[in-house]
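All remarks here apply to the structure that follows.
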Amino acid sequence: MTVTHDVQLSWTAPAVLREADPQLADLLSAEAGRRAESLQLLAGENVTSPAVLAALSGPLVDKYAEGYPGHRHHSGCALADAAELLAVDRAKRLFAAEHANVQPRSGTSAMLAAYAALLRPGDLVLAMSLEHGGHLSCGSRANFSGRWFDFIGYGVREQDHLLDYDQVRELARLHRPKAIVAGGISYPRHLDWAAFREIADEVDAYLIADTAQTTGLVAAGLAPSPVPYADVTVAATHKLLRGPRGGLLLCSEQLAGRVDRAVFPFSQGGAAMNEVAGKAVAFAQAGTPEFGAYLQRAVDGARSLAGALDGAGAPPLTGGTDTQLVTADVGALGLTGLEAERRCAAAGLMLGKCALPYDPAPPAETSGIRLGTGAVAAQGMAVEGMAELGELIGRLLRGGPGAEIGARVRELAAALGEN
Ligand SMILES: *Cc1c(COP(=O)(O)O)cnc(C)c1O
């Protein structure tokens, strides 16, 4: 199976949509234009594989198939069953997992199901603190997680921003949580899954791996897999995997029943079967050498980009990255993350402000930026191109000419469109 990297971000509204809803058709055409003229560096975004898009708009979009293959609550599910079994088998093979549930509608709903499978309301959970890069499903008071469970947060060290495993162990011994969650949204280094497992075993806690940010890297063997260590692994199919927007759960055969029941019927009704079909395609593509080469380029590019930012006076946290993700401190340049995000967006470089661990700036402004190379690499950008992006961002942060840099960004974006 081939992976198409010559992705066209240009898009024309089909006649049926233009006729039915010209207002929305115009809006989508304008969005396609915005996307094609700028470079998407938001860490969670990617360009969905064209083959996945085709599966998403296929006939399973209409199919109701509550339950699991062989045990549906609706008739006419034989082919939907076959599609889901394909997705499940491919996910199991891709991640070397005993069991896979491909139905979660998002990373967050997969997290909800992981908690539901292992915990009871009020249980204590040790997870990366939100201030240090934990996802909102790791105890935000505005999220189900923070309302239904008691969260204790671990973090990174102030001197080098690396995870403090000694602190994780200390907190685990002190609080004896029912579960430990490993993973976050802005941590650019590989995690030591064996160390997390050892700590969890010492206090008899479950280990939940939140790998939404790095799912593709794990699939391609470019990041260590949590699957042999974690009780439940949570993954996202729309980030590095270039699949449909959605979640994935991996676990042992022993926990399969609990995980499946935690998705349906506990937290979802019928799965989106077109998304399940799209996931099957994405899992097949992620197993190819081309996919591995694409992500290797994303990681190499992120490293070069981080080096360029460092040279411009915006040091990347932890000194660099092991992944597609770069988190950099713009405070040293006298900027807030908000101002940096605004300047880059004005020049067509879409990245996000990011609260840093120990950030002195208020959360609405922050001292950091966070970006990822997954989408530009999917569009075929070479490592040198990503290094140049780092230089362009560095110049913008140092007050360089926005109009001139914006023109260069449009040139780079147009070149990608012609790949
Ligand atoms: C993206 C992400 C999630 C949630 O995924 P959604 O699909 O947006 O709900 C959870 N955890 C981490 C670490 C993520 O990066």
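For the chain, modelled as a GNM whose springs connect Cα atoms under 10 angstrom apart, the maximal fluctuation among Gly380, Gly70, Gly278 occurs at Gly70.
Over the chain, Cα pairs under 8 Å with separation of 6+ residues give a relative contact order of 23 percent.
Counting only protein heavy atoms and a 1.4 Å probe, the stretch 307-353 has 32 square angstrom of accessible area per residue. Its Cα centre serving as origin, the stretch 329-419 has a Cβ charge dipole (Lys and Arg +1, Asp and Glu -1) of approximately 140 debye.
Only protein heavy atoms count here; under a 1.4 Å probe, Asp89 has an accessible surface of about 80 Å².
Would you calculate a helix-derived [θ] at 222 nm for the chain, using -39,500 (n - 2.57) for each DSSP H run of n ≥ 4 and dividing by the full residue count, to the nearest 500?
Working: 16 runs with 179 residues, N = 419.
Calculated mean residue ellipticity at 222 nm is -13000 deg cm²/dmol.
Restricting attention to the chain, close to 55% of DSSP beta bridges with both partner residues there are antiparallel.
Averaging Cα coordinates gives a centre for the stretch 173-189 and one for the stretch 58-99; these two points are 32 Å apart. Under a 5 Å amide H cut-off, with hydrogens placed 1.01 Å from N, Phe151 pairs with Val125 among residues at least 5 apart or on other chains.
Here Lys92 is the anchor, and the lysines within straight C-alpha reach of less than 20 Å, apart from those fewer than 8 places off in the same chain, are Lys239, Lys279. Taken as Cα centroids, the stretch 196-266 and the stretch 375-419 sit 34 Å apart, rounded to the nearest whole angstrom. Classified by the C-alpha gyration tensor, the stretch 193-295 has an oblate form. Its axis ratio a/c, with a ≥ b ≥ c, is 1.5 or above, and a/b does not exceed b/c. Dipole orientation for the chain: of the candidates Leu338, His132, Leu85, Leu85 has the Cα lying most toward the positive pole (charges on Cβ; Lys, Arg +1; Asp, Glu -1).
Near Gly352, the amide H atoms lying under 5 Å from its own belong to Ala43, Arg370; only residues 5 or more places off or on other chains count, and H is placed 1.01 Å from N.
Taken per residue, the accessible surface of the stretch 59-286 reaches 40 Å², heavy atoms only and a 1.4 Å probe. Take the alpha-carbon centre of the stretch 302-369, take the same for the stretch 119-155, and report the distance between them in whole Å. If we compute the Cα centre of each part, the gap is 25 Å.
When Trp148, Trp11, Trp193 are compared by accessible area of protein heavy atoms, the largest-first order is Trp148, Trp11, Trp193, using a 1.4 Å probe.
The values are calculated or read from the model by the stated rules, or taken from the named source; none is laboratory data. Every value quoted in this text rests on a predicted model; they were computed, and no experiment measured them. Glycine gets a Cβ as well: all are built from the backbone with ideal geometry, and neighbour counts include every protein chain shown. Ligands, DNA and RNA are stripped out before the accessible areas are found, and what is left, the full protein with its side chains, is counted by its heavy atoms. Shrake-Rupley method; radii C 1.70, N 1.55, O 1.52, S 1.80 Å.
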